[in-house]
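Colleague: Pasting a structure here, questions to come.
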Amino acid sequence: MAVESVDKLFAYNEWAWQRVFPSLAAIHEEAYFAAQPFFWRSLHRVTVHSYGAEWIWLQRIRGESPPALPSADQFASLAAVRYVWDPLRDEWRDFISNLREEDLNKTFRSRNTEGRHYTILLGDLLRHVVNHATEHRSQITPIVFQLGYPTEPLDYSRFAGTFLEES
């Protein structure tokens with residue numbers, strides 16, 4: 001049952017990003033890169049960070065400990081971010097599809113970008129990945145809306161209704 005829950009959370013995560021990407025793509029590039037009065041300083045920076053977080057967690061699960069997240073400077077556009085993010089979603093789907101219930105209760109050990117070691121249950125780590133993405137989507141959408149571009153509701157309940165309709 002827990003694996004099904006994690007699978008559904010990752011399906012929600014993908015569903016929600018697929019509703020944010022068109023809003024970001026509609027924004028004029030100048031506004032996408034422009035300094036904004038929030039923590040991440042630009043929509044581009046928070047988008048790259050969101051991708052980078054999903055990338056680094058999967059690398060860590062695979063036993064790697066990258067010393068840093070990808071930098072916003074590495075990506076010239078939203079399309080460039082999507083170019084690497086879309087295949088990453090397939091990698092996450094493959095990983096989740098091979099999970100077993102007992103995997104979720106395994107202790108996961110890794111090192112963060114500051115070199116500090118930490119321990120967390122794999123199931124909790126996977127829930128964190130989705131929660132982290134939700135946090136950043138909730139930072140992105142108000143900025144997009146304030147810039148005058150359309151956004152879509154991202155509530156889990158909307159996804160869950162859609163998920164049932166498609167089953």
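The values are calculated or read from the model by the stated rules, or taken from the named source; none is laboratory data. In this text, all values refer to a predicted model and were calculated from it rather than measured experimentally. When we count neighbours, we look across all protein chains shown, and the Cβ atoms used for this are built from the backbone with ideal geometry, even at glycine.
Colleague: Residue 37 - would you say it is out of contact with any Gly (no Cβ under 7 Å at 6 or more places or on another chain) and closer than 11 Å to residue 144 by Cβ?
Modeller: On the way: out of contact with any Gly (no Cβ under 7 Å at 6 or more places or on another chain): yes; closer than 11 Å to residue 144 by Cβ: no.
No, not satisfied.
Colleague: Of the conditions (1) surrounded by fewer than 16 Cβ atoms within 10 Å (Cβ to Cβ); (2) farther than 19 Å from residue 128 by Cβ, residue 43 fails just one. Which one is it?
Modeller: Condition (1) is where residue 43 drops out.
To keep it simple, each residue is scored yes or no on (1) more than 16 Å from residue 131 (Cβ to Cβ); (2) buried (at least 16 other Cβ atoms within 10 Å of the Cβ); (3) among the small types (Gly, Ala, Ser); (4) without any contact (Cβ under 8 Å) to a residue 12 or more places away in the chain.
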| residue | (1), (2), (3), (4) |
| --- | --- |
| 5 | no, no, yes, yes |
| 19 | yes, yes, no, no |
| 27 | yes, yes, no, no |
| 32 | yes, yes, no, no |
| 35 | yes, no, yes, yes |
| 50 | no, yes, yes, no |
| 56 | no, yes, no, no |
| 68 | yes, no, yes, no |
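Colleague: What tally of residues in the stretch 147-167 results from selecting those that are assigned to a helix (DSSP H, G or I) and surrounded by 12 or more Cβ atoms within 10 Å (Cβ to Cβ)? Write out each step before concluding.
Modeller: Of the residues in the stretch 147-167, the ones assigned to a helix (DSSP H, G or I) are 156-166.
Pick out the ones that are also surrounded by 12 or more Cβ atoms within 10 Å (Cβ to Cβ) and you get 156, 158-160, 162-163.
Number satisfying all stated conditions: 6.
Matching residues to (1) under 24 Å from residue 5 (Cβ atoms); (2) β-branched (Val, Ile, Thr):
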{"position": "49", "(1), (2)": "no, no"}
{"position": "60", "(1), (2)": "yes, no"}
{"position": "67", "(1), (2)": "no, no"}
{"position": "74", "(1), (2)": "no, no"}
{"position": "81", "(1), (2)": "no, yes"}
{"position": "96", "(1), (2)": "yes, yes"}
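Colleague: Here is a follow-up. Scan the stretch 104-130 for residues that are under 20 Å from the mean Cα position of the chain (by Cα) and among the small types (Gly, Ala, Ser) and report the count. Quick ask: steps written out before the conclusion?
Modeller: Here is the first cut: in the stretch 104-130, the ones under 20 Å from the mean Cα position of the chain (by Cα) are 104, 108, 110-113, 120-130.
Subset that is among the small types (Gly, Ala, Ser): 110, 123.
The number of residues fulfilling the criteria is 2.
Colleague: Turning to a different aspect of this structure: Which condition number in (1) within 15 Å of residue 70 (Cα to Cα); (2) at pLDDT 95 or above is the one that residue 40 fails?
Modeller: In the conditions (1) within 15 Å of residue 70 (Cα to Cα); (2) at pLDDT 95 or above, residue 40 misses (2) alone.
Colleague: Shifting gears a bit: What helices (runs of 4 or more DSSP H) completely inside the stretch 1-114 contain at least 1 residues that are within 26 Å of residue 158 (Cα to Cα) and touching a Pro at 6+ places or on another chain (Cβ under 8 Å)? Spell out how you get there, then give the answer.
Modeller: Values: elements: 2-26, 29-33, 43-61, 78-97, 101-104.
Passing ranges, in order: 2-26, 43-61.
Colleague: So, one more: Which residues, counting only those in the stretch 49-108, are touching a Lys or Arg at 6+ places or on another chain (Cβ under 9 Å) and of a type in the set (Lys, Arg)?
Modeller: Within the stretch 49-108, 60 is the sole residue that qualifies.
Colleague: Follow-up. Residue 50 fails exactly one of the following numbered conditions: (1) out of contact with any helix residue (DSSP H, G or I) (no Cβ under 6 Å at 6 or more places or on another chain); (2) of a type in the set (S, T, N, Q); (3) within 21 Å of residue 125 (Cβ to Cβ). What is the number of that condition?
Modeller: (1)
Colleague: Which ones in the stretch 70-79 are surrounded by 13 or more Cβ atoms within 10 Å (Cβ to Cβ), within 17 Å of the chain's Cα centre (by Cα) and farther than 14 Å from residue 17 by Cβ?
Modeller: Step one: list which residues in the stretch 70-79 are surrounded by 13 or more Cβ atoms within 10 Å (Cβ to Cβ), which gives 70, 72, 75, 77-78.
From the residues that got through so far, the ones that are within 17 Å of the chain's Cα centre (by Cα) too are 70, 72, 75, 78.
The answer is 70, 72, 75.
Colleague: Suppose we filter the stretch 7-32 for residues that are more than 14 Å from the chain's Cα centre (by Cα) and either over 23 Å from residue 76 (Cα atoms) or β-branched (Val, Ile, Thr) (or both); how many remain? Step through it out loud before you land on a result.
Modeller: Going through the stretch 7-32, the residues more than 14 Å from the chain's Cα centre (by Cα) turn out to be 7-8, 22-32.
Filter again for either over 23 Å from residue 76 (Cα atoms) or β-branched (Val, Ile, Thr) (or both), leaving 7-8, 27.
Looking only at that region, the number is 3.
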